[in-house]
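Shown next, in structure tokens, is the structure this report addresses.
A short reminder: the numbers here are calculations on the coordinates, not readings from a lab. Every value quoted in this text rests on a predicted model; they were computed, and no experiment measured them. Backbone-built Cβ (ideal geometry, glycine too); neighbour counts: all protein chains shown.
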Amino acid sequence: MFSAFFGQCDKKETILKKIDFYKIISCFLVKTTCSHAKKLTITLTFMFRRVIILTYSATKTTEVKAMELLKDKVALVTGGTRGIGYAIVRTFLENKAKVVLCGSRPETAQKAVDELKKENAGFEVEGISPDLTSYESITKAVEEIKAKYGKIDILVNNAGISASEPLYSYDPKDFDKIMNLNVNSCFYTTRAVAPIMKENGGGVILNTSSMVSIYGQPAGVGYPTSKFALNGMTKSLARELAKDNIRVNAVAPGVTDTDMVAALPEQTRQYITSTIPLGRIGTPQDIANAFLFLASPLASYVTGEVLSVDGCARA
């Protein structure tokens, strides 16, 4: 079937145009009788002159090879010490970015750096711990990053907190705390970094939203409120900063297997899984992959979007 569709198997590369993408994918699900080569690389040219490269193996499933999508880029990632943030940092590093991660305390930031260095001593990463609710503290940290690296290409606003108190017992101080970190700090970092990006000819700003920013949640109104606000910031700044070649997008994760979810009783995890059409809870890497795409040149024409990565779950 592969021979009929793609030509002789010993051809290393075939350019295909105007072919139904789903028909191509279906061919990968059919066992081929081709024995001339273990791998067949097919370059598919689609509209907008996008090129997608798929690698087919006759003996094992399709593999995603390591790339260098962020080579020589400098990224600042808040909330980068664990969970989704840590996965974002590691994925950026694997794609050859230089990363400055922010932790809530110096020791947590350094611990994350040490763990990453254990994974790969060649990773160019450092940790800092500015007060993200202070514009002055953030400005100082950003100036130091610029002085060391000369630029900031990518900003990821990932730091955030949540709460689940019902309205009747919700302390207004807790509401303010959530808004300060989840919204105000994103404005502060963006305000400090955007001029550097403009000076450098452009950049990428990515915000961590949530599925509850779209569907709400039955209690803990502060968290979805903050994420609704962040979506508005994302879309508005995308329009304002486009002229400076600065793209602004957000990722809205669904239920993700972070420490908090991992600690849930197995029965609860099974129930959550049963409500997700894809049949599983997301992983931090699932979310990090979306950030990588949006940070990379592959998304050069994408801005003002809130990308849901939730397995089609609905709160």
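Given a cut-off of 23 Å, name the pairs among Lys71/Lys148; Lys96/Lys140; Lys140/Lys198; Lys73/Lys148; Lys73/Lys198; Lys111/Lys177 whose C-alpha atoms lie farther apart than that in the structure shown.
Lys96/Lys140; Lys111/Lys177
Under 5 Å between amide hydrogens, which residues at least 5 positions from Ser308 or on another chain qualify, with H placed 1.01 Å from N in the peptide plane?
Ala252
Give the long-range amide H neighbours of Gly203: residues separated by 5 or more places, or on another chain, with amide H under 5 Å away, using H modelled in the peptide plane at 1.01 Å from N.
Ile246, Arg247
Taking 0.36 nm per residue of separation and subtracting the Cα-Cα distance, what length does fully extending Tyr271 through Ala242 add?
The span from Tyr271 to Ala242 would gain 6.2 nm if fully extended.
Can you give the net charge of the other residues whose Cβ lies under 13 Å from the Cβ of Gly232, counting K and R as +1 and D and E as -1?
Net charge around Gly232: +2.
At 7 Å along Cα-to-Cβ for each site, give me the label-to-label distance between Glu68 and Arg105 in nm.
Modelled inter-label distance: 3.9 nm.
Rounded to whole Hz and in sequence order, give me ³J(HN,Hα) for the stretch 255-265 from the Karplus expression 6.51 cos²θ - 1.76 cosθ + 1.60, θ = phi - 60°, writing x for Gly and Pro.
The phi angles translate into 5, 10, 7, 8, 4, 5, 6, 4, 7, 5, x Hz.
Over the stretch 245-315, what is the relative contact order in percent, taking alpha-carbon pairs closer than 8 angstrom and at least six residues apart?
Taking the mean separation of contacting Cα pairs over the length of the stretch 245-315, I get 54 percent.
Length gain on complete extension for the stretch Ser300 to Thr139, per 0.36 nm per residue less the alpha carbon to alpha carbon distance?
55.2 nm
Sort Ser137, Ser169, Ser226, Ser300 by Cβ crowding within 10 Å, fewest neighbours at the top.
Going from least to most buried by this count: Ser169, Ser300, Ser137, Ser226.
Under the Karplus relation 6.51 cos²θ - 1.76 cosθ + 1.60, θ = phi - 60°, what is the ordered set of whole-Hz ³J(HN,Hα) values for the stretch 110-123, x standing for Gly and Pro?
Once θ is set to phi - 60°, the couplings for the stretch 110-123 become 5, 4, 5, 4, 4, 5, 5, 5, 5, 5, 7, 5, x, 4 Hz.
I need the phi-derived Karplus couplings for the stretch 98-103: 6.51 cos²θ - 1.76 cosθ + 1.60, θ = phi - 60°, integer Hz, Gly and Pro marked x.
These are the phi-based 3J(HN,Hα) values: 9, 10, 10, 9, 10, x Hz.
Can you give the net charge of the other residues whose Cβ lies under 11 Å from the Cβ of Ala290, counting K and R as +1 and D and E as -1?
Here the count lands on -3.
If amide hydrogens are placed 1.01 Å from N in the peptide plane, which non-local residues have theirs closer than 5 Å to the one on Val156?
Here Leu76, Val77, Thr78, Leu206 satisfy the definition.
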